[in-house]
Amino acid sequence: MSSDLARRFVEVFQSEPEIISAAPGRVNLIGEHVDYNDGFVLPFAIDAVTTAAIRVRSDSKIRIVSQQKPDEVYESKIENLEPKSGPNWTRYLLGVLWALKVKNGVDILVESKVPQGAGLSSSAALECSIGVALNELLNLGYSLSELARLMQQAENEYVGVPCGIMDQSISLMAVEGHALLLDCRDLTVQQIPVNFVGAGLRLLIIDTGVHHELIDGGYAQRRSQCESAAKILGIQSLRDADLELIKKYQMQLSELEQKRARHVITEISRVKKAVAALEANDFVQLGKLITESHISLRDDYNVSSPELDVAVDTSLKNGALGARMVGGGFGGSAIALIKDVDAGMIAREIEKAFKDSGFKPPRFFDSLPSQGARILKTN
Ligand code: GLA
């Protein structure tokens with residue numbers, strides 16, 4: 001794979017790349033919409049990656065090409081980097097150059113195999129593939145958590161998407177066979193072994209095909225509802241709240257703020273229980289927690305969609321141990337923890353339910369917990 005990209009790089013830029021790197025997308029087992037509330041999340045990296053080939057130039061020119069649009073070369077200059085400038089998809093890369101304060105020009109060729117718009121963090125994969133490569137190539141010396149914060153800054157300030165820290169952290173820090181328990185306040189981590197295969201299980205990923213954009217407003221609105229609730233409660237973030245505190249302040253908090261806070265508080269406690277369930281190989285309990293997470297996201301956080309609900313309900317009706325929407329919501333993907341032998345049957349039932357509801361056909365993926373960002377080759 002990396003040699004194909006190197007060959008293509010030479011064709012496009014007439015010189016060898018200095019480094020080739022890869023960074024994965026992710027699913028989140030549990031802990032949704034809690035990263036920007038300083039909570040705990042439990043994502044794992046999927047096996048689909050974005051691969052990047054890079055060469056640092058002696059002048060200040062930037063050239064970017066994507067294998068997905070091989071005939072388009074985007075050109076700019078390092079001194080012209082300005083937040084929110086550049087065609088949409090290039091901003092994720094330009095933002096990284098900007099956040100890392102790169103001084104020289106670069107030639108970049110990227111190839112993304114992470115499904116886009118599916119809520120599987122194709123944007124974090126893009127950012128981290130470049131970030132990890134430049135950190136190495138330019139000897140920047142950033143730790144993975146520092147790099148995650150810089151990638152988030154690129155997305156927040158350069159691209160203009162108000163995402164939290166989960167996606168960049170998992171793309172950078174994932175370890176094969178493990179989910180990452182990430183404390184989103186101080187970015188300390190614990191690698192939690194996940195043994196679905198040993199238990200005859202699989203995590204089915206159901207892409208509803210409904211495109212979601214964090215930039216669309218619903219996500220930013222949830223964030224600000226949480227921030228205003230924390231302010232009223234007199235705490236730094238909702239991580240510091242419990243249900244008793246919400247009850248005590250019920251006259252001061254709006255009904256929506258109470259619902260949002262309830263989701264965040266209960267979700268953080270579900271993450272902790274999910275870790276215990278994984279450690280005990282208690283997948284029935286894990287499944288229950290996953291489904292409870294969906295109900296909370298649907299009813300208290302209001303970020304599900306009819307397609308996500310049909311995917312979840314159909315999975316559960318056909319024997320899934322648990323199912324829920326993942327990522328920002330309003331579309332994107334759902335996950336279902338299912339018996340391996342049921343995979344074909346459940347996929348067919350979901351396809352049928354989508355057809356009956358007049359939705360476009362879903363896509364299915366599955367992945368074991370895979371490795372995080374890595375350098376594939378240096379010259
Ligand atoms: C998106 C964001 C993450 C996180 C999730 C919801 O994926 O990029 O930071 O907030 O939504 O958990």
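The values are calculated or read from the model by the stated rules, or taken from the named source; none is laboratory data. From a predicted model like this one, the values you see are computed outputs, not experimental measurements. Using ideal geometry, Cβ is built from the backbone for each residue, glycine included, and neighbour counts are taken over all protein chains shown. Note: accessible area is taken over every heavy atom of the protein model, side chains too, but ligands, DNA and RNA are not part of it. Shrake-Rupley method; radii C 1.70, N 1.55, O 1.52, S 1.80 Å.
So if the hydrodynamic radius of the range 157-309 is defined as the Kirkwood radius over C-alpha pairs, what does Stokes-Einstein give as its diffusion coefficient at 25 °C and 0.890 mPa s, in µm² per second?
141 µm²/s
What is the local net charge at L204, summed over the other residues whose Cβ is closer than 13 Å to its Cβ (Lys, Arg +1; Asp, Glu -1)?
Summing Lys/Arg as +1 and Asp/Glu as -1 gives -1.
What distance in nm separates the simple spin-label points at V56 and A220, each placed 7 Å from Cα in the Cβ direction?
3.5 nm
Cross-link candidates for K77: which lysines have Cα within less than 20 Å, leaving aside residues fewer than 8 places away along the same chain?
Here the lysines satisfying the reach criterion relative to K77 are K61, K101, K103.
So, R0 is 25 Å and r is the distance between the beta-carbons of E227 and Q116; what FRET efficiency does that work out to, to 0.05?
So the FRET efficiency works out to roughly 0.30.
Students often forget the sequence filter, so: which aspartates and glutamates lie under 15 Å Cα-Cα from K69 once same-chain residues fewer than 8 apart are removed?
Here the aspartates and glutamates satisfying the reach criterion relative to K69 are E11, E111.
Please find, in a Gaussian network model of the chain (springs between Cα atoms separated by less than 10 Å), the residue of T266, T188, T291 whose mean-square fluctuation is greatest.
In this elastic network of the chain, the residue with the biggest mean-square fluctuation among T266, T188, T291 is T188.
Semi-axes of the equivalent ellipsoid for the range 69-168, please: Cα gyration tensor eigenvalues, times 5, square-rooted, ordered largest first, whole Å.
18, 18, 14
Pop a pseudo-label 7 angstrom from the Cα along the beta-carbon direction at both Q14 and L140 and give the gap in nm to one decimal.
Here the answer is 2.9 nm between the modelled labels.
Over the range 19-71, give the accessible area per residue in Å² for a 1.4 Å probe, as an integer.
It amounts to 23 Å² per residue over the range 19-71.
For the chain, what does the helix formula give at 222 nm: sum of -39500 (n - 2.57) over DSSP H segments with n ≥ 4, over the residue count, nearest 500 deg cm²/dmol?
-12000 deg cm²/dmol
With every protein chain left in place, what is the accessible area per residue of the range 101-234 in square angstrom, probe 1.4 Å?
Per-residue value: 36 Å².
Only Cα pairs within less than 10 Å get springs; with that Gaussian network setup on the chain, which residue of M251, M151, M345 has the largest fluctuation?
Evaluated over the chain, the most mobile residue of the options is M251.
Give me the number: length gained by fully extending K360 to N281, i.e. 0.36 nm times residue separation minus the C-alpha to C-alpha distance, one decimal in nm.
Computed gain between K360 and N281 is 24.8 nm.
Pulled fully out, how much extra length does the chain show between E72 and S254, if you take 0.36 nm times their separation in residues and subtract their Cα-Cα distance?
60.6 nm
For the chain, modelled as a GNM with alpha-carbon contacts under 10 angstrom, which of V197, V275, V189 fluctuates the most?
Comparing V197, V275, V189 in the GNM, the peak value goes to V197.
Which value in Å is the Kirkwood Rh of the chain over different Cα pairs?
One over the average 1/r among Cα pairs gives 21.2 Å for the chain.
Using a cut-off of 19 Å between alpha-carbon atoms, which aspartates and glutamates can reach K248, once sequence neighbours fewer than 8 places away in the same chain are excluded?
Excluding near neighbours in sequence, the set is E227, D240, E257, D300.
Which longest run of the chain has no exposed loop site in it, a site being GluC sites (Glu not before Pro) in a DSSP loop with at most 14 other beta carbons within 10 Å, and the site itself not part of the run?
Excluding the exposed sites themselves, the longest stretch runs over 1-175.
Where in the chain are the DSSP H helices whose C-alpha atoms run 18 Å or more along the long axis and whose mean Kyte hydropathy is at least 0.0?
Both cut-offs are met by 122-137, 283-299.
Find out how many positive minus negative residues lie around P193, taking Lys and Arg as positive, Asp and Glu as negative, among other residues whose Cβ is under 14 Å from that of P193.
Overall, the nearby charge balance is -3.
In whole percent, how big is the carbon plus sulfur part of the accessible area of the chain, probe 1.4 Å, protein atoms only?
Ligands and nucleic acids excluded, carbon and sulfur give 48 percent.
So which of K288/K339; K113/K272; K273/K352; K113/K288; K231/K259; K317/K352 end up more than 23 Å apart, counting from Cα to Cα?
Beyond 23 Å between Cα atoms: K113/K272; K273/K352; K113/K288.
Could you check the spin-label model distance between E157 and R374? Points 7 Å from the Cα along Cα→Cβ, value in nm.
Going from the E157 label point to the R374 one covers 3.2 nm.
Net charge within 14 Å of A154 by Cβ-Cβ distance, Lys/Arg positive one each and Asp/Glu negative one each, not counting A154 itself?
Charge balance near A154 sits at -2.
Give me the extension gain from S269 to I295: residue separation times 0.36 nm, minus the current Cα-Cα distance, reported in nm with one decimal.
Full extension from S269 to I295 adds 7.9 nm.
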